[in-house]
Amino acid sequence: MAETALPIPKHVAVIMDGNGRWAMNRGAPRHWGHREGSKSVRAVVRGCRALGVGYLTLYAFSLANWARPRVEVTALMRLLVRFARREVAELREKGISVGTIGRIEDLPPVTRRAIDQLMDQTKDGKDMRLTLALSYSGRYDVARAARQAAELVAQGKLRPEEVDDKWIRSHLWTAELPDPDLVIRTGGEQRSSDFLPYESVYSEFHYPPELWPDFSEDHLKAAIQWYQSRERRFGKTSAQVRGQMPA
Ligand code: IPE
Ligand code: IPE
Ligand code: MG
């Protein structure tokens, strides 16, 4: 533990990985793992809400995931509809609003409608923001912002020198979200797979070995405890951060 524990992270982002392996380990089709994984989603949403996390972002489907077998993609798109219908009451009751990042327009109409409805039905939630990353690619998002800047410059509506970090940050899908403090990837792989590349430059990355369907509220608590023991330096020295030297 660091001398002073960090506060509860304001924004937790999760790469929910390992569903397919969980199912294969049981000789079951991959989509079983995705279905089982929705229980972990519920557990982590509840856990974050109970701990006072303000923002929870879940990587549910990447832009690259469209290349998976059609049956699996279809199963995932159906599961999202099921999730929206099943969770709406509890999310409303707990004051959790839902938003999305990603190319939402890529989703099949039924899924898109269910998610739109879920966002609308939870829009008054003030206690936590749950963001679902769907058809999401961080690189695509950065390229999208760059293209937007180029178009505005070409039209004479923006000067090149105005395109700085702040401008880009405020034109990403995540503009309304603070940068993630803690990124958790379950399943043991230690990579970001195109998740929040611009936003996570100073995030703490945690890689618990559990496959997503095995990830429980206790695992979440352990991840947050681990986070609280870190020392975030943001480029400074340890002594500066501890207040032993001038800032
Ligand atoms: C993560 O689990 C869920 C999605 C990508 C939608 P995976 O399906 O990637 O599971 P593994 O990594 O193959 O075990
Ligand atoms: C990342 O997991 C995407 C989601 C969890 C939604 P993947 O399983 O698709 O990532 P790679 O292919 O192993 O990097
Ligand atoms: Mg995976």
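The values are calculated or read from the model by the stated rules, or taken from the named source; none is laboratory data. Since the structure is predicted, the reported quantities are computational estimates derived from the model, not experimental observations. In this analysis, Cβ positions are derived from the backbone assuming ideal geometry, glycine residues included, and neighbour counts consider all displayed protein chains. What goes into the accessible areas is simple: the full protein's heavy atoms, side chains included, and nothing from ligands, DNA or RNA. Shrake-Rupley method; radii C 1.70, N 1.55, O 1.52, S 1.80 Å.
Below is a table of values for the structure above.
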{"item": "Of residues in region 78-104 being under 17 Å from Met119 (Cβ atoms) and within 13 Å of ligand 1 (Cβ to nearest atom), the one least open to solvent (accessible area, probe 1.4 Å)", "result": "Gly102"}
{"item": "Of all residues making up region 187-239, the number that are surrounded by fewer than 19 Cβ atoms within 10 Å (Cβ to Cβ), over 16 Å from Met16 (Cα atoms) and of a type in the set (Phe, Trp, Tyr)", "result": "4"}
{"item": "Candidates Arg191, Arg129 - the one that is of a type outside the set (A, V, I, L, M), touching a strand residue (DSSP E or B) at 6+ places or on another chain (Cβ under 8 Å), within 16 Å of ligand 3 (Cβ to nearest atom) and on the phi < 0 side of the Ramachandran plot", "result": "Arg191"}
{"item": "Condition broken by Ala67, with the remaining ones in (1) within 16 Å of ligand 3 (Cβ to nearest atom); (2) more than 18 Å from the chain's Cα centre (by Cα); (3) open to solvent by less than 10 Å² (accessible area, probe 1.4 Å) satisfied", "result": "(3)"}
{"item": "Region 117-126: number of residues that are open to solvent by 10 Å² or more (accessible area, probe 1.4 Å) and within 22 Å of Ile15 (Cα to Cα)", "result": "1"}
{"item": "Residue match in region 53-73 (condition: out of contact with any Phe, Trp or Tyr (no Cβ under 6 Å at 6 or more places or on another chain), part of a loop (DSSP other than H, G, I, E, B) and within 20 Å of Ile224 (Cβ to Cβ))", "result": "yes"}
